[in-house]
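Following: one structure in structure tokens, then a few remarks.
The values are calculated or read from the model by the stated rules, or taken from the named source; none is laboratory data. Nothing here was measured: the structure is a model prediction, and the numbers come from that model. Neighbour counts run over all protein chains shown; Cβ positions are idealised from the backbone, glycine included. For the accessible areas, the whole protein counts, side chains as well, though only heavy atoms, and no ligand, DNA or RNA atoms are used. Shrake-Rupley method; radii C 1.70, N 1.55, O 1.52, S 1.80 Å.
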Amino acid sequence: MELNKFILLLISSSLLPFLAGTIFGAPGIADALGPAMSSLSAATTRSPLPPPVVSPTIRSPFPSPVSSRSPPDSPVHSSSTLPLLSNNAALTKICDVTRYPAECLATIAPFLTGETNPISVLKIGIHALQKSFEEATAVATKVINDHSTTAVVKAPLDTCVESFDSGIAVLNDALTAISAHDIGSLSTKLSAALTYSNTCEEAFAEQPDLESPLKETGQHLDKLASINLAISASLQWN
């Protein structure tokens, strides 16, 4: 009896691994248990996290501060010029009699020293116009000497150079008239300067197909000459 139990136990222990491998190795059981085991494994290795809480965006009712630094390409004004343009009431009053008060301020203010009166302002304006005539002559001469400039363009440019040179000379006479307190001569000379500034553009206007390369220069000269003439008309000699 004891021998039979021993043999039965021996047989069972020998068959048990075989039966287990057969059951769990079967395709159907493996496929059935596979997803469940995978889910169980994932559940045990990854704990669920609560969804992130998104805070509402709160916008300030005030605009964002703007940097005080100017952009690289922004114009920079001289601190020594701006006070003159804004605070010199005497200069502003003088320039207000002209057709171009802003150009008058911009031209005179950087060079104004000492007392501000119509005569001192007019002298600065005359010197500024002389300088502009000289610069215009240099530009016209450069264009004339350029080999690509045609003879048709050179002809009016020659007229421009002559008129600019005449403008410089007549302004010297205007300065002499100021020293002599000769208001009549001064008015005549400054009127002639305005005429000389217009002569260049008139030379090109005679040939409609030509565009003046000195158009902007001529406009600048006209403004300066007009400013000087207007200021001279407001002079009151002692």
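Please get the size of the charge dipole for the range 78-193, origin at its Cα centre, with Cβ charges of +1 on Lys and Arg and -1 on Asp and Glu, quoted in debye to the nearest 20. Write down the numbers at each step before the final one.
On the way: 7 positive and 11 negative charges, 43 e Å.
Result for the range 78-193 is approximately 200 debye, rounded to the nearest 20.
Please turn the phi angles of the range 101-115 into ³J(HN,Hα) values with the Karplus equation 6.51 cos²θ - 1.76 cosθ + 1.60 (θ = phi - 60°), one per residue in order, whole Hz, x for glycine and proline.
In residue order, the calculated couplings are x, 5, 5, 4, 4, 5, 7, 7, 3, x, 10, 7, 9, x, 5 Hz.
Averaged per residue, what accessible area in Å² does the range 146-194 show with a 1.4 Å probe, protein chains only? Walk me through the intermediate numbers first.
Working: 2330 Å² over 49 residues.
Dividing the accessible area of the range 146-194 by its residue count gives 48 Å².
Suppose every K and R has +1 on its Cβ and every D and E has -1 on its Cβ; what is the size of the dipole of the range 145-195 about the Cα centre, in Debye to the nearest 20? Mind showing how you got there, number by number?
Numbers: 2 positive and 6 negative charges, 19 e Å.
Around 80 debye, computed over the range 145-195.
In nm, give the distance between the simple-model label positions of N145 and D173, each being 7 Å from the Cα along the Cα-to-Cβ direction.
2.9
Which residue, chosen from A225, S212, Q236, occupies the Cα position most advanced towards the positive end of the dipole of the range 198-238, where the dipole is computed from +1 (Lys, Arg) and -1 (Asp, Glu) charges on Cβ about the Cα centre?
Of the candidates, Q236 comes out farthest on the positive side.
If I compute solvent accessible area with a 1.4 Å probe over the protein chains, what percent of it on the range 182-234 is carbon and sulfur? Write down the numbers at each step before the final one.
Values: 1260 of 2660 Å².
Roughly 48 percent, rounded to a whole number.
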